[in-house]
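Have a look at the structure below, then the notes.
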Amino acid sequence: MKTVGLIVASKSLLPYKNSTNIENYIHILKKAEVDLIVVVIGSSKEQTESMLKSKKMVIVYNPDTAASDLMSYVRAGIKKILHIQNEEQREEIPYEALFILQGDALAITSSILVKEQLLMKYCDAKILFPIIQGKKKYLPLIRFNILQDICDYDGEDGLKGALDQFEEETVYMKVDDYEITQDIETPAKYTYR
């Protein structure tokens with residue numbers, strides 16, 4: 001399955017283990033054999049670009065940083081990804097699905113992403129969500145054919161509302177992986193493990 005990883009990096013330079021949270025996500029996405037990585041950055045543009053310049057990925061600047069909501073970052077990333085798909089890589093095999101990773105939310109493993117890709121390959125779901133202890137975790141894998149609908153969503157519930165439009169076409173994947181439960185938003189969790 002040809003996939004894209006969209007990292008929403010509103011807080012991109014948080015330390016995590018021996019690097020930053022964003023560098024960790026890039027490593028995990030590459031380990032999961034994601035085909036294209038797009039990082040949407042906000043206010044720390046120069047620092048983030050400098051840190052990521054040696055990595056093979058696409059960097060998108062969110063011009064709407066005043067809004068500072070997750071959906072504005074997701075929208076900027078999706079617009080760039082659709083442009084790449086429709087203009088720059090028109091002759092290539094199309095992408096099929098997109099991961100959305102919040103740059104300051106979860107500690108994850110590549111095994112979760114690989115499991116999502118395998119399940120999505122064999123089901124008709126438009127969205128696949130990992131769940132742990134009965135709760136959705138923000139590592140959704142989303143089919144490309146609904147990205148424009150998500151980008152166009154302008155309701156009050158942001159990304160949650162955009163994804164909820166497809167509730168009846170969403171599949172949930174139970175995850176027993178401990179690391180998905182770790183929130184790295186708080187300083188005490190930055191150096192988890």
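The values are calculated or read from the model by the stated rules, or taken from the named source; none is laboratory data. Keep in mind it's a predicted model, so treat the numbers as computed, not measured. For neighbour counting, all protein chains shown are included, and Cβ atoms are generated from backbone atoms with ideal geometry for every residue, glycine included.
What the table shows:
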quantity	calculated
Among the candidates I112, I81, I108, residue that is closer than 18 Å to V171 by Cβ and of a type outside the set (S, T, Y)	I112
Sole residue being at pLDDT below 90 and within 15 Å of L29 (Cβ to Cβ), chosen from I132, I81, I112	I112
Yes/no for I22 being assigned to a helix (DSSP H, G or I) and either modelled with pLDDT of 70 or more or within 21 Å of P140 (Cα to Cα) (or both)	yes
Y138, sole failed condition from (1) surrounded by fewer than 16 Cβ atoms within 10 Å (Cβ to Cβ); (2) of a type outside the set (A, V, I, L, M); (3) modelled with pLDDT under 90	(1)
